Amino acid sequence: MRNSLRSEVAAARQGLRAAYFERPNPAQLLRRHARLVDRTVRSVWRQAGLPAAAALVATGGYGRGELYPSSDIDLLVLLAAEPDEAARASLERLIGTFWDIGLEIGHSVRTLEACLEVAAHDITVRTALLEARYLAGSRSLYKKLTTRLQDIADPRSFFEAKKLEQEQRHAKHQDSPYSLEPNLKEAPGGLRDLHVIQWIARACAIGRRWSDLVAHGLIERDEARQLARHEALLQDLRIRLHYLAGRREDRIVFDFQGALAAQLGYAETAERRASEAMMQRYYRTAKAVTQLNTIVLQNLEARLLPQSEAASISLNERFRVRGELLEVADERLFESAPTAILESFLLLMQHQELRGMTAPTLRALYRSRFLIDSRFRKDPLARLLFVHILQQQRGIVHEFRRMNQYGILGRYLPEFGRIVGQMQHDLFHVYTVDQHILMVVRNLRRFTMPEFAHEFPLCSELMSGFERRWLLYVAALYHDIAKGRGGDHSALGARDVRNFSRRHGLASEDRELIDFLVEQHLAMSQVAQKQDVHDPEVVQAFARRVGSERRLVALYLFSVADVRGTSPKVWNAWKAKLLEDLFRAARRVLTGELLARDAALAEKQAEARRLLRLYALSDGVESRLWEQLDTAYFLRHDAQEIAWQTRNLHYRVDAGRPVVKARLAPFGEGLQVMIYCRDREALFARICGYFERSAFNIVEAKVHTTRNGYALDTFLVMGQGRGAHYRDMIGMIEAELAEEVESQAPLAPPRGGRLSRRVRHFPISPAVDIRPDERGAYHVLSIVASDRPGLLYGVARILARYRINLQTARINTLGDRAEDVFLIAGNALADPKAVLQLEQDLLKELSLQEAAPALETAPR
């Protein structure tokens, strides 16, 4: 019997799948699947020999009559009394049979009294029983359960509990539907937000369908149609996910985004992938669901928890305050005076006591958003109101997010509306374009708030003296607004922001600053992370590009906010130090404090000597080491590094064995490791191999060869995980690395490891560029590739094979994207054919190949 039932269930499910893909109808599939399981479990129940007084009850989504292809089948075996031995044996056979025939059940066995007791204290059980549906057995016992549940029902407490539960659930997903791999069931704007409305409506005896909410005046007919349409899209995506995964999968993970997009008919374009277009539709659906969820829950709250009719307080002739909420004086206000839409957000910013809008106001706002058209955007009053919003001292982030959620920001700035919900598969942004933009606004805003001054003291100090700081918010809105159009998004964004500035009557000085920030918003990060910020010529060239101290301050503030707004993984103390060092050096140039190169070196050496005296080292102790070091060394290292290395090497300049010293990085994150030994072939590769095997990330390498033929290399490394205990690793690294650089063993092959899923599904084409530097002394090797374990070691092995000498290495990892720059020299670089072959070998190494299993998060 079990085998035949299993075959029947499998065949019937396959038939449902085939019919669905031939003519997709989510609601119909969910009902048909539930009915199939109904027939099956009833058949098994009849053969189980359970007491006649027992009942089989469907709960949860299955009880609702909606069963997804791989969802658990929630069952309650309801008993009149505690089971005896025979009943327990029958229950075990029943549950075993369900699993044997291919039904993945989630079951509970309880008496009537136990159900009521648990439901009284557990909101999850109470919700599941709200969906209870009779399947088999004692109908009278089932009726007793539903009757008793109705008797103890408390719609008010149920509403409060579900609302709190939703807030907690949203918090687990960072209160945003814009995750790159969203959970379409649990995340904000997902199916669960719709279920919450339905559950509360059922608990209040309003009904279970969207039309029932219309009949009770909680939503309008058009809103009911929108809810049904959004629900169908989310159901369709979840059904397809289950079929693609062959299991329960509620996250739209990278592995399935491409296949989903293909199934739904999305096509690739020159500007974006099919999966990006599909995900944009999902994000916009989720945003609409969060908006409708807010409106409906506010209406339900007003119905269930009516406040004492507080007297309204007039703000002006158009708006009033009612119970800490903003309310329109006339529900047709937005239709008769559309500019009041922007005024409503301005009032929320100006009145700290307001925590939102009343449900009628929200509905009127949502219904009127399409009145923001080209005529509205030309209205001088609308333009003035928008500028006033930007200039407010508080609420800028909260209200911009609210304007984006309600669709207002994208209507007023159509160029912004195009990037709402647009993914960024550049391997380092973890937010959609609109969310990244608002995150940058948020970071800039935090620089103005005293309570966050401890995070970035220099940024807070600079922002406090920056006039018209709201101009930075305009630049933030536009810096990435042209993503996905093709071409240079910085140049296209600058063109857009020039139009904005002209429309809104900004002064020429302000227009030029905003234009500069948008077009050059990547400049400072690129120079800091790819060039030597201690090289006076690099600093002078950057300062000339910036042009003024005000522009420099603005660009520094913007760069910090921008990098921090890409991903929590991208920002670190090393990047912060690079940007600050470049800012301070360029500021000296722009304020006329520029030192000649010789004077700058003398000042740095004098500071290093002062630091050495603090360690009780006499004057002149440095001479023996410094005689072996050239100008390039002193340019690339700061005074503290010079003093540290001198303190450890002044008495062993001609050391026979390698000297390896490590210390906590001066800025508090990672380790700085110095290696001093006789130079040898493939030394850099050997060091990289050690750090790769030890699971450290190399974030910077300074490679120097002394006049007496010694290598003096300094590495900045980070790892192993966010909670790494660096101090405990110092002794291990000093001993093991000294042994490694002496080893005569051949270079080991890269250990490799698994690629991250994001890299596997959204790789970037590797790029290699080798060209002479401007002085003609060295060549610059630039690589761009998807990051993976062992990447840097693989590059180092190839350079060693070509006998390429490394002068410096700037290792720049942006999320899952590697952008590294090396200063190199070697005889092979004089031969164009050899350079071409070297580039081809590097490209082959950079191409994605998943290696032997290892930790997915292992560094390179």
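The values are calculated or read from the model by the stated rules, or taken from the named source; none is laboratory data. Keep in mind that what you see is a predicted model, and the values were worked out from it rather than measured. Quick reminder, even Gly has a Cβ in these numbers, built from the backbone with ideal geometry, and neighbours come from all protein chains shown. All accessible areas refer to the heavy atoms of the entire protein, side chains included, with ligands and DNA or RNA removed. Shrake-Rupley method; radii C 1.70, N 1.55, O 1.52, S 1.80 Å.
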Quick check on Ala286: is it closer than 22 Å to Thr361 by Cα and surrounded by 22 or more Cβ atoms within 10 Å (Cβ to Cβ)? yes
Among the residues that make up region 264-272, is at least one of them in contact with a helix residue (DSSP H, G or I) (Cβ under 8 Å, 6 or more places away or on another chain), touching a residue at least 40 places away in the same chain (Cβ under 8 Å) and surrounded by fewer than 21 Cβ atoms within 10 Å (Cβ to Cβ)? no
Can you pull out the helices (runs of 4 or more DSSP H) entirely within region 231-340 that have at least 2 residues that are touching an Asp or Glu at 6+ places or on another chain (Cβ under 9 Å) and of a type outside the set (D, E, K, R)? 254-263, 274-304
Can you list the helices (runs of 4 or more DSSP H) lying wholly within region 536-593 that have 3 or more residues being within 25 Å of Val717 (Cβ to Cβ) and either among the hydrophobic types (A, V, I, L, M, F, W, C) or touching a strand residue (DSSP E or B) at 6+ places or on another chain (Cβ under 7 Å) (or both)? 573-590
Count of residues meeting criterion [of a type outside the set (D, E, K, R) and closer than 27 Å to Gln529 by Cα] in region 607-651: 15
For the condition open to solvent by less than 10 Å² (accessible area, probe 1.4 Å) and of a type outside the set (D, E, K, R), what is the one hit in Leu390, Leu385? Leu390
For Glu839: the one exception among (1) under 29 Å from Ala695 (Cβ atoms); (2) in contact (Cβ under 8 Å) with a residue 40 or more places away in the chain: (1)
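Matching residues to (1) among the hydrophobic types (A, V, I, L, M, F, W, C); (2) surrounded by 15 or more Cβ atoms within 10 Å (Cβ to Cβ):
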residue	(1), (2)
Gly547	no, no
Trp574	yes, yes
Glu580	no, yes
Arg587	no, yes
Leu611	yes, yes
Test set (1) out of contact with any Phe, Trp or Tyr (no Cβ under 7 Å at 6 or more places or on another chain); (2) not in a helix (DSSP H, G or I) - Leu194 fails condition number: (2)
Asn443 vs (1) surrounded by fewer than 17 Cβ atoms within 10 Å (Cβ to Cβ); (2) under 24 Å from the mean Cα position of the chain (by Cα); (3) polar (S, T, N, Q): all pass except (1)
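Looking at region 349-365 only, could you name the residues that are in contact (Cβ under 8 Å) with a residue 60 or more places away in the chain and not in a loop (DSSP other than H, G, I, E, B)?
Filtering region 349-365 down to residues in contact (Cβ under 8 Å) with a residue 60 or more places away in the chain leaves 358-359, 362-363.
Across region 349-365, the qualifying residues are Ala359, Leu362, Arg363.
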Among the residues of region 552-564, is any open to solvent by 20 Å² or more (accessible area, probe 1.4 Å), under 20 Å from Val440 (Cα atoms) and not small (Gly, Ala, Ser)? yes
Scope region 226-256; condition open to solvent by 10 Å² or more (accessible area, probe 1.4 Å), under 26 Å from the mean Cα position of the chain (by Cα), aliphatic (A, V, I, L, M) and over 15 Å from Ser70 (Cβ atoms); matching residues: Leu233
Might you let me know whether region 142-152 holds any residue that is in contact with a Leu (Cβ under 9 Å, 6 or more places away or on another chain) and in contact (Cβ under 8 Å) with a residue 40 or more places away in the chain? yes
Which one is least open to solvent (accessible area, probe 1.4 Å), of the residues in region 67-84 that are part of a loop (DSSP other than H, G, I, E, B) and without any contact (Cβ under 8 Å) to a residue 60 or more places away in the chain? Leu67
Some residue of region 152-165 being open to solvent by less than 60 Å² (accessible area, probe 1.4 Å), closer than 18 Å to Asp250 by Cβ, at pLDDT below 95 and not in a loop (DSSP other than H, G, I, E, B): yes
What's the number of the condition Phe334 fails, among (1) more than 23 Å from Leu297 (Cα to Cα); (2) surrounded by 18 or more Cβ atoms within 10 Å (Cβ to Cβ)? (1)
Considering residues of region 30-59 that are among the hydroxyl-bearing types (Ser, Thr, Tyr) and either outside any helix (DSSP H, G or I) or touching a residue at least 60 places away in the same chain (Cβ under 8 Å) (or both) only, the residue surrounded by the most Cβ atoms within 10 Å (Cβ to Cβ): Thr59
